[in-house]
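Engineer: Below: one structure in structure tokens.
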Amino acid sequence: MEGAKHGITVEECKLFSATGIESVDGFSSARIALSYAGGRILVAGSGLKITAFSKSSGAFCANGTVTEVRYLPKGIKLARRLLK
């Protein structure tokens, strides 16, 4: 999936969906860390729950209260960013 396009959608701060996702790097009810070809995406909020993920198609969905979506370029250590 290298070089594949990706996209994200947040609906009414309650539903997060994305395409082009390569992996789920970590998750809790407060944060979800995803990898895509260009780096990482961090989703923050409360009551977050992964409802679907297909590694083969790159489709990802989660629900809960989404308060922040942040892009991180390749090379940034995930643990360092999560601890801030």
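The values are calculated or read from the model by the stated rules, or taken from the named source; none is laboratory data. Here the structure is a predicted model, which means the values were calculated and not measured. As a convention, Cβ positions derive from the backbone with ideal geometry for all residues, glycine included, and neighbour counts pool all protein chains shown.
Engineer: Looking only at residues in segment 1-38 that are touching a Lys or Arg at 6+ places or on another chain (Cβ under 8 Å) and part of a loop (DSSP other than H, G, I, E, B), which one is farthest from GLY75 (Cα to Cα)?
Structural biologist: Only one residue fits best here, namely SER29.
Each row is one residue, and each column tells you yes or no for (1) surrounded by 11 or more Cβ atoms within 10 Å (Cβ to Cβ); (2) at positive phi; (3) free of Cβ contacts under 8 Å to residues at least 40 places away in the same chain.
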residue	(1), (2), (3)
ALA33	yes, no, no
GLY38	yes, no, yes
ILE50	yes, no, yes
SER57	yes, no, yes
ALA62	yes, no, no
GLU68	no, no, yes
LEU72	yes, no, yes
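Engineer: I've got another one for you. Considering (1) without any contact (Cβ under 8 Å) to a residue 40 or more places away in the chain; (2) in contact with a Gly (Cβ under 9 Å, 6 or more places away or on another chain); (3) of a type outside the set (A, V, I, L, M, F, W, C), say which one LYS14 fails and leave the rest.
Structural biologist: Result: LYS14 fails condition (1) only.
Engineer: State all residues of segment 39-63 that are of a type in the set (A, V, I, L, M, F, W, C) and either assigned to a strand (DSSP E or B) or at pLDDT below 95 (or both); if no residue qualifies, say none.
Structural biologist: ILE41, LEU42, VAL43, ALA44, LEU48, ILE50, ALA52, PHE53, PHE60, CYS61, ALA62
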